[in-house]
Amino acid sequence: MGKLPIPLVIAIALTVVIAGGVLADYWTSRPADIVPTYVGRAACIDCHRDEAELYAESHHDLAMDRATEESVLGDFDDATITHDGITSRMYRDGGRFMVHTEGEDGEMDDFEVSYVFGVEPLQQYMVEFDRTPEMADDEIPRMQVLRISWDTERKRWFYLRPPDVDDKLAPQDPLHWTGIAQRWQTMCADCHSTNLKRNYDPGSGRYHTTFSEIDVSCESCHGPGSLHVELANRRSLFWDRRHGYGLAKLKGEDPEPQLQTCAPCHSRRGVLDDSFRPGDRYADHYHLELLHENAYFDDGQIKDEVYVHGSFIQSKMYHQGIRCTDCHDPHSLKLKFPGNETCTSCHQHAAGKYDVPSHHHHQPGTEGAMCVNCHMPHRTYMDVDPRRDHSLRVPRPDLSVKLGTPNACTGCHVEDRIETIDPAVREQLSEYADWQRLADSDDKSVAEPVAAALRETDRWCDQACDRWYGSDRKTPPHFAEPISDFRAARPGAVDAMIRLATQPTRTAPTDGAAPTDGAAPTDGAAPTDGAAPPIARATALSELARGGRREAVTAVAPILARPDEDPIVRAAAVNVYLSAAGHLPPRSVASKLMPLLKDPVRLVRTEAARVLVESGVYQQLGSSQRTQIDLAMREVHDALMVASDRAGSHLAWAILCEQRGRNDEAIEAYETAIRVEPLSTGPRTNLASLLERIAQERGGPDTVALRDKVRRLREQELPLLARDAELAPDNADVRYRYGLALYLSGDLERAREVLRKTVEMAPDVETFRTALELLEQRMGQR
C-alpha cells in the first residue's frame, strides 16, 4: 500500500485541526449557574439600531423621566386648577417645575416636580419627600404622585379622582396625593422602570429605591444583557450551547415565554417575590387576580382596571397560540397594521368573510364596521384613558338579557335611547360604562330609567341577532351562567359551579399546521366551544371557597393530584380546604395539602402553606409536620414582605405567627404594621386581643401593664374604625368591626345601633346576627 501524497496528508491534518477547533469552539460554554447582570441600553444600540429607532419615543421609552424642559408636557406658566375648594397653581421657578397645592399637613405649600410619569393620553407628576443628606444621588426617597394631571389630548389640567370618590380627600386619607395609595414605590414603580429595587426599611420608614434605567428599557423584556454582550463580542462561530443568545427566548414555537414576560406589567396581580426575570414562569412570582366581582363582570369582561392579561387568557386567540407580537410591534408598541388590517392580516378568509357588511351588518367605514368595536370594546380609566378588553369575544346580547352582563352591541346602541333620559342625567353619560354605573345607583330616580334603557337595548340587540342569523345563531353555554347564578344564590347554583370548576379540559386536537384563518399553530390543543378557560374555573373554585361550600372538597381532590393542571386552578382548589377544614379531620386535610409544600410551582406551595395554618390544621399536627410547614412559611413571609411598606403585609404575617403560637413574632409584626401605617385599622385591634389573652394566661404583676396597653390600643383604634365606617357606609364587614370596637369601649347603645345596621345590610351572615343577639342579651333587651 503506497503512501498518501503529502498534500493530501496536510489537507487531512488541517481538516482534523479545524474540525477539532470548531468542536472545541462549540463545546466551550459559560457555567450553567452564571447570573447575568444589567448593562443598559447603550450596550445594545450598536448592534440593534433598527430596534432602537422603533423603541425611541415609544410608551416604554417614555414610561418615566426626570422633569426637564423636554419631558414636561403640562402648562407650568402660572396655570391654575380648582377642585374641592382648593386652587392649585403650576408655575416655574427658574429651571424647576413647581406646584402650589395642599400638602400632607393640610396647608398650602410649594412642591417641586422631580419626575414625570407617562406621556399619553395623560401625564402625571411626582414629588420627592424625605430625602436625607446621606442618600446617594442614584437613590430615590419616598415619592408621591400628584392627582393634578395633564390631559395630553385636550391640553388641559384635570384632577384625577379616585374611583367612586366624589368628596374632598382629607390630608390623612390614604387616597390623598400624599398618601400611600399615591406612592410611586407602592403603586407604580415596578412596571415603569428597569430592574427596580424598592429598598424600603420598615425600621426607619424610609426608601432607598434604585433602578438600572429610569424607563422600560431593553432588559425589562429581554432580561439582563451582560452574558449576551459577552457572547456577541467573543470570537466564536457559535452562540453558547447552554445559554443560547444569553437572553430570554421569546420567539420560539411556544408562545408562553413571551406572554408570561409581558404579563407581570400587563396584569392585575399579587407579588410572590421580586426576582422575576423575562422567560420565568409567571406563577413562580405572581398571583393573578381572578374574575372577581370588583374587577370583572360575571362573564369575564373588564370592569375595573385589570391590564389585559387576565382578559387575553380567556380568549380563543390565546388558546390558538397567538401572542402579543402578532398584533403589536414589540419595540414601537404600535399596532402592526392600521384599522381592520391588524385583524384581517390573519383572518384572510375567501371573499373577505369578515370585513364585509354580511358579517358585521354595518356600513363600511363606520365605527360599527371596526373589528375592535365589536370584539374588543373599551372602558375609560383615569378619566381620559380608554382601554380595550382583550378577551376578543363575540358579542352576546342573549347573555345580557338573561344575566345583565354587558355586550358591545348595547354599548353603541344604548345611545339611541338617550332622549328617554332626564337632561340633567345625560351629562353624566359619556360612554357605556357610565350607563352601567348609573343603573346601579342608589338614587332610584336616576337608576331606574337608565336600567330600563339598558334592558330595552339588550332585547333589541338580541332580536337583531336572531333576525341576522336565525337557526344558525350560536349561543353556546358560557361560564357566566353558573357564576351569575351562584352570586345571586339561585337554586342549583352550587352544583353548577362545581361542574364548572372541575370540568375536564376539553380540547380539540391540532395537527401543528397553521389554521385556515392564519392563527399561529399550537404545541398542544385549544379548548373547544363551551370549555371554560382556566381563569374561569379558578374563579369558580375561589367563589366556592369564599362561600364556605363544603360540597366542593371531594370534587377538588383530583385537581390537586394533576400536576399538569393550570397553577391558578390548583391554587384556587387549595383554598377550598380553608373553609371546609373545620368539618374535616385535620389529618385528612394535611394528607391533601402537605405534599403540595414541595410543589414545583411557588404559587401552589405558598397557598398550601398558608391554608394549612389559617385553617387551624397546623395546631393539630405533629412536630415534624409543623416543622415542614414552618419551613414553607418562609416563602409566604418573603411574598408578604415584598410590600413591606404596607401595614397589611405585616398584619397578615402577624396573624400567621399568632396562629402558629409564635406570639413574640406576632407582637413584633403587629407593632411594625402600626409603625409603617399609623392610620391603618386592624393591627391595634389584633394586638390588643393578643395581649389581653396573654394577660389572662400569665397573670402576675405584668397583667396591669398589659391591660393598660390593651386599653390604649383600643382607644386609638376606635376613631380610625369610625372613619372607615363613614368612608365605606355600605361595607358590612367594616361596620361590624366598628360595632365590636364600640362594644369593647363600653358604648353598648352605639354598638347595638351599628350592629343592627350591619345585620340589615347582610342578614345572611351568621356572625353578624350572633354578635347582635349576644349584645342584646347582655343589655337585657332581647
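State the three equivalent ellipsoid semi-axes of the range 297-362, derived from the C-alpha gyration tensor as the square roots of 5 times its eigenvalues, in descending order and whole Å.
Numbers: eigenvalues 108, 64, 29 Å².
Semi-axis lengths for the range 297-362 are 23, 18, 12 Å.
Within the range 696-759, none of the chymotrypsin sites (Phe, Trp or Tyr not before Pro) combine a DSSP coil assignment with at most 10 other C-beta atoms in a 10 angstrom radius. Counting Cα-Cα pairs of the range 435-504 in 5 Å increments starting at 0 gives whole-percent bin shares of 3, 14, 13, 12, 17, 19, 16, 5, 1, 0.
With the charge dipole of the range 31-79 set up from +1 on Lys and Arg Cβ and -1 on Asp and Glu Cβ about the Cα centre, the Cα lying farthest toward the positive end among the listed residues GLY40, ALA67, TYR55 is that of GLY40. Stretched out straight at 0.36 nm per residue, the stretch from HIS359 to GLU293 would grow longer than its current Cα-Cα span by 20.5 nm. For LYS316, the lysines whose Cα falls under 26 Å of its own Cα, not counting residues fewer than eight places away in the same chain, are LYS249, LYS251, LYS303, LYS334, LYS336, LYS353, LYS402, LYS474.
Each peptide in 353-362, 492-501 receives the mean, over its residues, of other Cβ atoms within 10 Å, and ordering these scores from highest gives 492-501, 353-362. Remark: the range 18-92 carries a charge dipole of roughly 360 debye about the Cα centre, counting +1 on each Lys and Arg Cβ and -1 on each Asp and Glu Cβ.
What dipole magnitude, in Debye to the nearest 20, does the chain give about its Cα centre under +1 on Lys/Arg Cβ and -1 on Asp/Glu Cβ? Let's see the in-between values first.
Details: 91 positive and 124 negative charges, 632 e Å.
So the magnitude is around 3040 debye.
On the beta carbon distance between GLU415 and ASP78, with R0 = 45 Å, the FRET formula returns roughly 0.70. Which whole-number percent gives the relative contact order of the range 630-755, counting Cα pairs below 8 Å spaced six or more residues apart? In percent, rounded to a whole number, it is 15.
Apply the a/c threshold of 1.5 to the C-alpha gyration tensor of the range 214-304 and tell me whether it is rounded, prolate or oblate. Prolate shape, in that a/c is at least 1.5 and a/b is the bigger ratio. By its C-alpha gyration tensor, with a ≥ b ≥ c as the square roots of the eigenvalues, how is the range 354-402 shaped: rounded for a/c under 1.5, else prolate for a/b larger than b/c, else oblate? Oblate shape, in that a/c is at least 1.5 and b/c is the bigger or equal ratio.
Sort 635-644, 620-629 by the packing proxy (mean of other Cβ within 10 Å over each peptide's residues), most packed first.
Values: 635-644: 18.8, 620-629: 14.3.
Peptide ranking by packing, descending: 635-644, 620-629.
Extension gain for GLU668-GLU230 works out to 153.0 nm (0.36 nm per residue, less the C-alpha to C-alpha distance).
Full extension of the segment from ALA452 to ALA181, taken as 0.36 nm per residue of separation minus the current Cα-Cα distance, would add 93.9 nm.
Only Cα pairs under 8 Å and at least 6 apart count here; give the relative contact order of the chain as a rounded whole percent.
Values: 1180 pairs, mean separation 61.5, N = 782.
Rounded, it is 8 percent for the chain.
As a calculated quantity, the FRET efficiency between SER745 and ARG131 at R0 = 35 Å, using C-beta atoms, amounts to about 0.30.
Could you calculate the FRET efficiency of ASP50 with ARG769 from 1/(1 + (r/R0)^6), where r is the beta carbon distance between them and R0 is 56 Å, rounded to 0.05? Given R0 = 56 Å and the Cβ-Cβ separation, E is 0.25. With the charge dipole of the range 728-782 set up from +1 on Lys and Arg Cβ and -1 on Asp and Glu Cβ about the Cα centre, the Cα lying farthest toward the positive end among the listed residues ALA771, LEU742, PRO729 is that of LEU742. Dividing the summed helix terms, -39500 (n - 2.57) for each DSSP H run of n ≥ 4, by the number of residues in the chain produces a 222 nm estimate of -12500 deg cm²/dmol to the nearest 500. Please say if the chain is rounded, prolate or oblate, where rounded means a/c under 1.5 for a ≥ b ≥ c the square roots of the C-alpha gyration tensor eigenvalues, and otherwise the choice is prolate for a/b larger than b/c and oblate otherwise? Rounded. Each part gets one Cα centre, and for the range 178-241 versus the range 574-621 those centres are 35 Å apart. Only one residue of THR178, TYR91, GLY699 has its Cα farthest out toward the positive end of the dipole of the chain, where Lys and Arg carry +1 and Asp and Glu -1 on Cβ, and that residue is GLY699.
Sorting 584-594, 156-166 by average packing, meaning the other beta carbons within 10 Å per residue, from highest down gives 584-594, 156-166.
Calculate, for the range 373-455, the solvent-accessible area per residue in square angstrom, rolling a 1.4 angstrom probe over the heavy atoms of the protein chains. Mind dumping the intermediate values first?
Values: 4110 Å² over 83 residues.
That works out to 50 Å² for each residue.
The modelled label-to-label distance for the pair SER624/GLU70, using points 7 Å beyond Cα in the direction of Cβ, is 6.6 nm. Using alpha carbons only, the radius of gyration of the range 4-123 set against its Kirkwood radius gives Rg/Rh = 1.45. Averaged over its residues, the range 60-190 has an accessible area of 46 Å² per residue, based on protein heavy atoms and a 1.4 Å probe.
Rounded to the nearest 20 debye, the dipole magnitude of the range 283-356 is 400 debye, with +1 charges on Lys and Arg beta carbons, -1 on Asp and Glu beta carbons, and the Cα centre as origin.
The values are calculated or read from the model by the stated rules, or taken from the named source; none is laboratory data. All figures in this text were calculated on a predicted structure; none of them were measured in a lab. Positions of Cβ are generated from backbone atoms using ideal geometry, with glycine treated the same way; all protein chains shown enter the neighbour counts. To get the accessible areas, we keep the full protein, side chains included, count just its heavy atoms, and leave off ligands, DNA and RNA. Shrake-Rupley method; radii C 1.70, N 1.55, O 1.52, S 1.80 Å.
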